[in-house]
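Participant: Let me give you the structure first, and then I'll get to my questions.
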Amino acid sequence: MPQTFNRAADYVEAAREMADAGRPALARLLAEEAADRTPDPQDAARILGEFPGHSLRQES
């Protein structure tokens, strides 16, 4: 059954799974999405701190 992403915590969980699988770029992208969905700036910063790196998002 596919994973459903409804909450920031869902993205964080997926990011951890990707980090554990050796996919840091995907983990970072998922962490950025989690941070975007987190209303508290301190929590958002904590999430991004757990998955270091530069943003890989492409601006359109």
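Participant: Multiply the residue gap between residue 56 and residue 21 by 0.36 nm, knock off their C-alpha separation, and tell me the result in nm, one decimal place.
Facilitator: That pair, residue 56 and residue 21, stretches by 10.8 nm at full extension.
Participant: Could you state the accessible area per residue of the chain in Å², with a 1.4 Å probe and every protein chain left in place?
Facilitator: 73
Participant: Given N residues in the chain, what is Rg(Cα) / (2.2 N^0.38 Å)?
Facilitator: Relative to the 2.2 N^0.38 Å estimate, the chain comes out at 1.06.
Participant: Ignoring any ligand, DNA or RNA, what whole percent of the accessible area of region 4-55 comes from carbon and sulfur when the probe is 1.4 angstrom? Each step should come with its number before you reach the end.
Facilitator: Details: 1710 of 3270 Å².
For region 4-55, the apolar C and S fraction of the accessible surface comes to 52 percent.
The values are calculated or read from the model by the stated rules, or taken from the named source; none is laboratory data. These figures come from a predicted structure and were not determined experimentally. With ligands, DNA and RNA removed, areas are computed over all heavy atoms of the protein, side chains included. Shrake-Rupley method; radii C 1.70, N 1.55, O 1.52, S 1.80 Å.
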